[in-house]
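One structure is given below, encoded as structure tokens.
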Amino acid sequence: MNLPLNINLQQIFLHMLNFVILVGGLYFILYNPIKKFMDQRTAHYAEMDKAAADKLAAAEKLEAEHQAQLSKLDEELRQRRAESQKIAQDAAQQQLDRAQEQADQIIAGAQKAAESIRTKAVADSQKEIKELAMAAAAKLTLQSSKDAFDEFLNLAEEGKQNEQHEKA
């Protein structure tokens with residue numbers, strides 16, 4: 001069977017058979033190991049992804065626990081800070097009360113001392129006034145007695161002069 005253009009069907013079928021054998025051989029020789037390697041690689045990456053997801057879940061759980069502990073510690077810190085502030089305010093109020101008591105005692109002592117000084121000053125000034133009044137009275141009596149004596153002497157002299165004028 002000779003076909004035009006020198007085409008031999010038997011040779012075409014043999015080439016096709018060789019090609020099918022080649023494809024089958026390559027399939028069994030190359031495809032199975034490559035497919036096995038790809039399946040192992042896919043399984044490895046799937047396992048890594050699962051491990052990463054597990055680690056992520058564990059990290060999120062740990063983060064949630066830490067966040068809960070932090071919020072608990074923050075609340076405890078707020079409570080302790082409030083207690084400390086209350087204690088500090090109470091201590092400050094007690095100190096202010098003691099300072100006010102001391103200030104009241106100092107003021108009362110100062111008022112007593114001022115009253116005592118005032119009383120002594122009044123007594124001293126009254127004593128001085130009495131002494132000054134007595135000294136002034138003594139001066140006035142001396143001066144008026146001196147003046148009276150001088151006046152008497154002057155009158156006596158005038159009387160003498162009048163008598164002498166009358167005699168003369």
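What follows is calculated from the coordinates using simple rules that are stated; it is not laboratory data. The structure displayed is predicted, hence computed values, not measured ones. Cβ atoms come from the backbone with ideal geometry, glycine included; neighbour counts cover every protein chain shown.
Odds and ends about this structure:
- Pairwise label distance in nanometres, Ala156 with Glu47, each label 7 Å out on the Cα-Cβ vector: 15.7 nm
- The chain shape via C-alpha gyration tensor axes, a/c threshold 1.5: prolate
- With the simple model of a label 7 Å out from the Cα in the direction of the Cβ, Leu96 to Ile29 spans 10.0 nm.
- Centre separation in Å (Cα based) which lies between region 10-26 and region 80-125: 120 Å
- Hits among lysines - C-alpha to C-alpha of Lys112 under 19 Å, sequence gap 8 or more where chains match: Lys120
- Charge sum, other residues only, whose C-beta stays under 13 Å from Gln126's C-beta, Lys/Arg counted +1 and Asp/Glu -1: +1
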